[in-house]
Amino acid sequence: MTPLRILLVDDEPDLRASTAQALDLAGFAVQDFAMPERIMDLVSFGFPGVVLTDIRMPGMDGLTLMNRIHEIDRDIPVILITGHGDVQLAVRAMREGAYDFVEKPFPASQLTEIVARASDYRRLVLENRVLKAAAGQVDDMEQRLIGRSNVMIDLRRRIRTLGPTEADVLIVGETGAGKEVVARALHDMSPRARKPFVAIDCAAIPAALIESELFGHEAGAFAGALRARYGKFEHARGGTILLDDIASMPLDMQGKLVRVIEDRTVTRLGSNESLPLDVRFMATSRVPLEAEVEAGRFRADLLYRLNVVTLQVPPLSARREDIPLLFLRLLSEAASRHRSDPAPVPPSLVAHLTARDWPGNVRELRNAADRYALGLGEGAQTVEEAPSRLSERVAEFEKREIEAALAAHRGNLKPVYESLGLSRKTLWEKMQKHGLDKAQFGAGGEAEA
């Protein structure tokens, strides 16, 4: 059996050399490094090995390195090398996920025994993952997030990397792009998958009730509170909390949320007792939160705590090549729901769907699939009305581009024909062809050719 790799990190050259030699003589494949930053490129979710690191190092210390490794894969064993005064620190680190620690000076036999146990543990973890995959228990990411575009392949890869970690995640994307689907996938791939996934719509809870809904309350905390009630945060203990549309949360509530995320504790209304909160936080936003911070509508300290990792969910306009496959899948689901046999999808409709703008993204495309499954056509255009000839599709595209330019320049023709690379005469002819009048766009009185 191929031996697992041991990554050794120690800034002391003599100790690093002697430790590497001892492990090499024991039959381990060792790579040693003076700087911890260099090993991060070698660690991945399926990394076949163990990390052995000193706690006290300049720059990134051993605990920080351990936490960064565990953000990638919680099941990579990290063994800490400690000095005499670091034992209490090492014990605390073990509570936070360190596999074991060894105190300087240590005999080679003690170190090799610990590394051997850690290697056996890692080997079992990897073998178990392979067995689950062989039994068909693979993730269904391709079914949840359909698409063959590069942006979707990269998104699925990042979800597979981040899912098993404890890192809080901020998910940003347009309306209907699938932000909650991404959050749910992250939860289902994590060790918290069997615990609650609690989605909280920050825009739907009335401002007067949001604190009670999230934190809970004790009996008598306010008028009408006849008995104690725990809130959504406590309900999610051990699992994941999704703060959907976080930008809509009131400012005063944002300040209280900062403390909850930082301390991982929650205090019910009417109580002075802080309760521990073992949860992972995720949040979604339709708008860039940095702009909301600049506008004074969102707290900067809350943004810094939420965006440990940021995932960008691409809109359909950024992955048009995925639209045909996605529509066919949504159509199949719609037909199953409505117990109907959908009509075949002609190439002309596929071309129309791909060329069309989808401001509502996947949600809007799903509605179109529902209409088609029910025989109601696709949106404002039926299949028969959709342009089928190449020349018709080109003309439709040309008309939309000219309309957009006219709207952008309020009907003033000079900047329109300059931006489109046309002569004034050519622009005028095309406007006549498509039935466009500059007056519809608020023309500024420019004389016509």
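The values are calculated or read from the model by the stated rules, or taken from the named source; none is laboratory data. Quantities reported herein were computed from a predicted structural model and do not represent experimental measurements. Cβ placement follows ideal geometry from the backbone for every residue including glycine, while neighbour counts extend to all protein chains displayed.
From the list L365, L406, L422, the one residue that fits, being under 30 Å from V181 (Cβ atoms) and modelled with pLDDT of 80 or more, is L365.
For every residue, the table says whether it meets (1) over 23 Å from A167 (Cα atoms); (2) touching a helix residue (DSSP H, G or I) at 6+ places or on another chain (Cβ under 6 Å).
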| residue | (1), (2) |
| --- | --- |
| F28 | yes, no |
| G49 | no, no |
| T64 | no, no |
| H70 | no, no |
| L89 | no, no |
| Y99 | no, yes |
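Return yes when R74 is in the same structural domain as A22 (by TED's automatic domain parsing), modelled with pLDDT under 80, surrounded by fewer than 19 Cβ atoms within 10 Å (Cβ to Cβ) and more than 22 Å from D11 (Cβ to Cβ) and no when it is not. Can you show your working first?
Working: in the same structural domain as A22 (by TED's automatic domain parsing): yes; modelled with pLDDT under 80: no; surrounded by fewer than 19 Cβ atoms within 10 Å (Cβ to Cβ): yes; more than 22 Å from D11 (Cβ to Cβ): yes.
Spelling it out, it is not the case that R74 is in the same structural domain as A22 (by TED's automatic domain parsing), modelled with pLDDT under 80, surrounded by fewer than 19 Cβ atoms within 10 Å (Cβ to Cβ) and more than 22 Å from D11 (Cβ to Cβ).
Within segment 152-168, track down each residue that is hydrophobic (A, V, I, L, M, F, W, C) and not in a helix (DSSP H, G or I). Lay out the reasoning, then the answer.
So the first thing to find is which residues in segment 152-168 are hydrophobic (A, V, I, L, M, F, W, C), and the list is 152-153, 155, 159, 162, 167.
Within segment 152-168, A167 is the sole residue that qualifies.
Right, E290: modelled with pLDDT under 90, outside any strand (DSSP E or B) and under 23 Å from the mean Cα position of the chain (by Cα) or not? So E290 fails the test.
Considering each of E396, E392 in turn, give the residue that is modelled with pLDDT under 80, surrounded by 14 or more Cβ atoms within 10 Å (Cβ to Cβ), out of contact with any helix residue (DSSP H, G or I) (no Cβ under 7 Å at 6 or more places or on another chain) and more than 29 Å from D341 (Cβ to Cβ). First the steps, then the outcome.
Details: E392 fails: surrounded by 14 or more Cβ atoms within 10 Å (Cβ to Cβ).
Answer to the check: E396.
Each residue in segment 162-190 was checked for being at pLDDT 90 or above and of a type in the set (S, T, Y), and 1 pass.
Which one is farthest from V181 (Cα to Cα) among residues in segment 288-307 that are among the hydrophobic types (A, V, I, L, M, F, W, C) and surrounded by 16 or more Cβ atoms within 10 Å (Cβ to Cβ)?
Our first condition is that a residue be among the hydrophobic types (A, V, I, L, M, F, W, C); within segment 288-307, this holds for 289, 291, 293, 295, 298, 300, 302-303, 306.
Remaining after also requiring surrounded by 16 or more Cβ atoms within 10 Å (Cβ to Cβ): 289, 293, 298, 302-303, 306.
Numbers: L289: 20, V293: 26, F298: 24, L302: 23, L303: 22, L306: 18 Å.
Out of the qualifying residues, it is V293.
Going through (1) touching a strand residue (DSSP E or B) at 6+ places or on another chain (Cβ under 9 Å); (2) modelled with pLDDT under 90; (3) crowded, with 17+ Cβ neighbours inside 10 Å one by one, F281 falls short only on (2). Of all positions in segment 434-446, at least one carries a residue that is in the same structural domain as A395 (by TED's automatic domain parsing), under 18 Å from A395 (Cα atoms), modelled with pLDDT under 85 and of a type in the set (D, E, K, R).
Each row is one residue, and each column tells you yes or no for (1) small (G, A, S); (2) touching a residue at least 60 places away in the same chain (Cβ under 8 Å); (3) under 30 Å from R363 (Cα atoms).
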| residue | (1), (2), (3) |
| --- | --- |
| I205 | no, no, yes |
| F222 | no, no, no |
| D252 | no, no, no |
| A291 | yes, no, yes |
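Looking only at residues in segment 16-71 that are out of contact with any Leu (no Cβ under 7 Å at 6 or more places or on another chain) and β-branched (V, I, T), the one that is modelled with the lowest pLDDT is V43. Scanning segment 169-215 for residues that are part of a loop (DSSP other than H, G, I, E, B), among the acidic types (D, E) and closer than 27 Å to Y230 by Cα turns up nothing.
Can you tell me which residue within segment 231-247, out of those that are in a helix (DSSP H, G or I) and in contact with a Ser or Thr (Cβ under 9 Å, 6 or more places away or on another chain), is nearest to P276 (Cα to Cα)?
I246
Evaluate segment 106-119: report whether one residue or more is surrounded by 13 or more Cβ atoms within 10 Å (Cβ to Cβ), within 18 Å of T165 (Cβ to Cβ) and among the basic types (K, R). The answer is no; no qualifying residue exists.
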